[in-house]
Amino acid sequence: MLTLLFDGIAYGMLLFILALGLAVTMGLMNFINLAHGAFAMAGGYILIVLMQRHGWPFLACLPVAFVLTAAAGALLERTLYRPMYGKPHLDQVLFSIGLTFMAVAAVDWLVGSSPQTVQLPAWLRVRFEIGEGAWQLGMGAYRLFIVAVCVALALGLQAILARTRFGSRLRAAVDDPRVAAGLGIPVNRVFLMTFAVGSGLAGLGGALGADILGLDPTFPLKFMVYFLIVCAVGGTSSITGPLVAALVLGIADVMGKYYVPKLGAFIVYVLMIAILLWRPQGLFSRQGAR
Amino acid sequence: MPNSLRRHLLIAGAVLAAAPCAHAQGDTVKIGLILPMTGPQASTGRQIDAAVKLWQAQNGNKAGGKTVQVIVKDDAAVPDTSRRLAQELVVNEKVTVLAGFGVTPAAMATAPIATQSKTPMVVMAAGTSAITEASPFVVRTSFTLPQATVPMADWAVKNGIKKAVSLVADFGPGFDAEKYFDSQFRLNGGEMLDKLRTPLRSPDFAPVLQKVRDLKPDALFVFLPSGQGAQFMKQFGERGLDKAGIKLIATGDVTDDDQLNDMGDVALGVINSHHYSAAHPGATNKKFVDAFQAANKFRPNFMAVGGYDGMRVIYNALNATKGQGGEALLNAMKGQIFESPRGPVLIDAQTRDIVQDIYIRKVERKDGQLWNVEFDVLKAVKDPGKLK
């Protein structure tokens, strides 16, 4: 029981990290980026290539996955995404899903389409067990590691957004770019930074999740639905929303597959429908946000 | 050159040029090979494609006095695409044989086309029992899930496993594996604690593995399609199921030769049942494996041997019919007996399904690599799915 809860939290945390970038671009920048999963996949493959082909240690690969995908995100924002900000949402969706398909084909060509496996270092493969019987808590070190990293990231991001000058500039730029620009806020640069960090987080999530979620070129398509559910359920105007939504979904998914395996993968959707009927704006959302 | 000879040559040339119009096939026989060359099942396509090329490299491209041309089409294991490609191959390319089919849904979707066009269809990979019943033109050279599963259930009971849980992927072959393991295991006096299914597209096995752990069976029986085995083995080890005393038994799909080496030590000692291991002893197999590895950078797996034998069945049949297609070719495929790299094989004339030896194997490390080492064998196993 506790073990399940723990697995659910770890899974939820992973979803949170993966979906956070999407929530940021969608909620704060009002841009629907369906290519988000492609950045996550890029992070995963960077990890695989560095570890398997170049023998890098696991921990060194994670920051690299973050930095490289963030750089790719920044480059694409500057060249491809920026002209799309003013376009209608349908254009944005079509544009970004096209990018996704290109990413899938590119990875297929570069690395091959078979599923990749990560060889974790031995210290992440141990397992702790506490207690006995039904209340036994078993924790894999790797899942514990994921939870720790994600909690740290969530706290850090929340602090940046709420406390720092950059955070307030970002919020201002989102609420009204024209006025913000008039006040001397470098709106373009703020968006560029935000987009890059969002992509980098996806890359980090992809690298962390490669072991648990599996990694093959169809990754962005396979998990896009989950990311969108997290954003829809959580609301996109804060970090708390997606965090709570991701945790709820992760726990429900694991519990559902354990207790009612027949319904298995369907539980998540039932939950989403129920929550959205109850709160169409998402769990946490500012009224009147665009 | 004398004039008369030149005239003869001209006439001969004219006849040859006219022949394809009158007789659509001419001097070539085309084989439409539909395989998943991209997508999650791409390893299956890659293996079979390599095996087909190897067969042609070893045996030439002539059979029954005609030139055999193989046309490879990629269906990415999407059934709609397989069906459309089969239609194009039959109508436009006028293929004599359809072959390949990486997954059951692809084969099932194509079967009606084989029936309507009277084109023999050689299934080289897909393993659901019912495929050969979907069309009277289907011939199979791979294996069936019940065929591989029933011997595993027998072995389990004989070796002191009393309580078991099954875990299968949620699609056709998975249902076959689950059904036949369950019935055979209980027939032998075993007790099934639970039958679990896991969605095809969800590779996080955490919840089901936890459930297995809490049920505390003697053994967990697993079927997963070729490709998911590595992920599963890793999570099995990480969750400590092996240390909790739960034995892992499986069909050979899980310890697929193509991926076995990447699985690491957790795969050691896994007992599984299948029709082919690259480590199968014997000169025929050694020759096959050596030639395959010389031409490719990877080891042949059971998919490769299915493709290799599929080509053999087609070549033998073409030789028998002098290159004629349709029902004559189908009849020439039935009842073939030959020595495959996997051992002796018979294409059952009644069911058009393969009859072969099923081996019980154990994963062992030899020369620094992991292999499925055979230690027991059941001779000439017919598909239990057809023995009603």
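The values are calculated or read from the model by the stated rules, or taken from the named source; none is laboratory data. Model, not experiment: these values are computed from the prediction. FYI the Cβ positions are ideal-geometry reconstructions off the backbone, even for glycines, and counts take in every protein chain you see.
Odds and ends about this structure:
- Set side by side, the residues A:Val174, A:Val179, A:Val248, A:Val268 differ, and just one is at pLDDT below 85, more than 18 Å from A:Thr25 (Cβ to Cβ) and not in a loop (DSSP other than H, G, I, E, B), which is A:Val268.
- On the stretch given as region B:82-93, residues that are touching a strand residue (DSSP E or B) at 6+ places or on another chain (Cβ under 7 Å) and surrounded by fewer than 19 Cβ atoms within 10 Å (Cβ to Cβ) total 1.
- Hits in region A:41-63 (condition: surrounded by fewer than 17 Cβ atoms within 10 Å (Cβ to Cβ) and in a helix (DSSP H, G or I)): A:Val49, A:Gln52, A:Arg53, A:His54, A:Leu59, A:Ala60, A:Pro63
- A:Phe128 being within 14 Å of chain B (Cβ to nearest Cβ) and at pLDDT 90 or above: no
- Within region B:208-233, the set of residues being within 11 Å of another protein chain (Cβ to nearest Cβ) and among the acidic types (Asp, Glu) comprises B:Asp214 only.
- Screening B:Gln116 against (1) in a helix (DSSP H, G or I); (2) among the polar types (S, T, N, Q); (3) within 17 Å of B:Met303 (Cβ to Cβ) leaves a single unmet condition, (3).
- Considering residues of region B:23-49 that are within 14 Å of chain A (Cβ to nearest Cβ) and among the hydrophobic types (A, V, I, L, M, F, W, C) only, the residue surrounded by the most Cβ atoms within 10 Å (Cβ to Cβ): B:Leu35
- Within region A:207-235, the residues that satisfy the criterion of being outside any helix (DSSP H, G or I) and either among the aliphatic types (A, V, I, L, M) or more than 26 Å from B:Asp262 (Cα to Cα) (or both) are A:Leu215, A:Gly235.
- Of all residues making up region B:247-276, the number that are farther than 20 Å from B:Gln41 by Cβ, within 14 Å of another protein chain (Cβ to nearest Cβ) and surrounded by fewer than 24 Cβ atoms within 10 Å (Cβ to Cβ): 3
- Some residue of region B:128-137 being within 14 Å of chain A (Cβ to nearest Cβ), surrounded by fewer than 24 Cβ atoms within 10 Å (Cβ to Cβ) and not in a loop (DSSP other than H, G, I, E, B): no
- Which listed residue, of B:Gly368, B:Gly335, is surrounded by fewer than 22 Cβ atoms within 10 Å (Cβ to Cβ) and at pLDDT below 90: B:Gly368
- Put simply, of A:Ala38, A:Ala23 the only residue that is aliphatic (A, V, I, L, M) and either under 20 Å from B:Gly39 (Cα atoms) or outside any helix (DSSP H, G or I) (or both) is A:Ala38.
- Filtering region B:378-388 to residues that are surrounded by fewer than 16 Cβ atoms within 10 Å (Cβ to Cβ), part of a strand (DSSP E or B) and of a type in the set (A, V, I, L, M, F, W, C) leaves only B:Ala380.
- Subset tally (residues that are within 25 Å of B:Val150 (Cβ to Cβ) and exposed (fewer than 15 other Cβ atoms within 10 Å of the Cβ)) for region B:277-288: 2
This table checks each residue for (1) within 13 Å of another protein chain (Cβ to nearest Cβ); (2) on the phi > 0 side of the Ramachandran plot; (3) basic (Lys, Arg).
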{"position": "A:Asp211", "(1), (2), (3)": "yes, no, no"}
{"position": "A:Gly214", "(1), (2), (3)": "yes, yes, no"}
{"position": "A:Thr218", "(1), (2), (3)": "yes, no, no"}
{"position": "A:Val225", "(1), (2), (3)": "yes, no, no"}
{"position": "A:Val230", "(1), (2), (3)": "no, no, no"}
{"position": "A:Val233", "(1), (2), (3)": "no, no, no"}
{"position": "A:Val244", "(1), (2), (3)": "no, no, no"}
{"position": "A:Val260", "(1), (2), (3)": "yes, no, no"}
{"position": "A:Leu263", "(1), (2), (3)": "yes, no, no"}
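- If the condition is being more than 15 Å from B:Asp194 (Cβ to Cβ), away from chain A (no Cβ under 14 Å) and assigned to a strand (DSSP E or B), then region B:140-179 contributes only B:Arg140.
- Qualifying residue in region A:188-206 (condition: surrounded by fewer than 21 Cβ atoms within 10 Å (Cβ to Cβ), more than 14 Å from every other protein chain (Cβ to nearest Cβ), out of contact with any helix residue (DSSP H, G or I) (no Cβ under 8 Å at 6 or more places or on another chain) and not in a helix (DSSP H, G or I)): no
- Region B:234-246 - residue that is closer than 21 Å to B:Lys163 by Cα and touching a strand residue (DSSP E or B) at 6+ places or on another chain (Cβ under 9 Å) and, of those, farthest from the other protein chains (Cβ to nearest Cβ): B:Ile246
- As a summary of the residue check, A:Met139 satisfies the conditions (1) assigned to a helix (DSSP H, G or I); (2) surrounded by 18 or more Cβ atoms within 10 Å (Cβ to Cβ); (3) within 14 Å of chain B (Cβ to nearest Cβ) except for the one numbered (1).
- Within region B:277-284, the presence of at least one residue that is part of a helix (DSSP H, G or I), modelled with pLDDT of 85 or more, at negative phi and more than 14 Å from chain A (Cβ to nearest Cβ) is confirmed.
- Residues that are of a type in the set (Lys, Arg) and part of a helix (DSSP H, G or I) were ranked within region B:180-217; the one that is farthest from A:Tyr259 (Cα to Cα) is B:Arg186.
- Filter result (under 24 Å from the mean Cα position of the chain (by Cα) and within 14 Å of chain B (Cβ to nearest Cβ)) within region A:84-109: A:Phe101, A:Val104, A:Ala105, A:Ala106, A:Val107, A:Asp108
Condition check ((1) assigned to a strand (DSSP E or B); (2) closer than 17 Å to B:Arg312 by Cβ; (3) at pLDDT 95 or above) across all residues:
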{"position": "B:Val29", "(1), (2), (3)": "yes, yes, no"}
{"position": "B:Gly39", "(1), (2), (3)": "no, no, no"}
{"position": "B:Ser43", "(1), (2), (3)": "no, no, no"}
{"position": "B:Gln58", "(1), (2), (3)": "no, yes, no"}
{"position": "B:Thr67", "(1), (2), (3)": "yes, no, no"}
{"position": "B:Ala77", "(1), (2), (3)": "no, no, no"}
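- Residue in region B:99-111 that is surrounded by fewer than 23 Cβ atoms within 10 Å (Cβ to Cβ) and without any contact (Cβ under 8 Å) to a residue 24 or more places away in the chain present: no
- Candidate set: region A:224-242, residues that are surrounded by fewer than 24 Cβ atoms within 10 Å (Cβ to Cβ) and under 11 Å from the mean Cα position of the chain (by Cα); chosen: the one farthest from A:Val268 (Cα to Cα): A:Met224
- Checked against (1) closer than 30 Å to A:Leu120 by Cβ; (2) more than 14 Å from chain A (Cβ to nearest Cβ); (3) hydroxyl-bearing (Ser, Thr, Tyr), B:Thr198 meets all criteria but (2).
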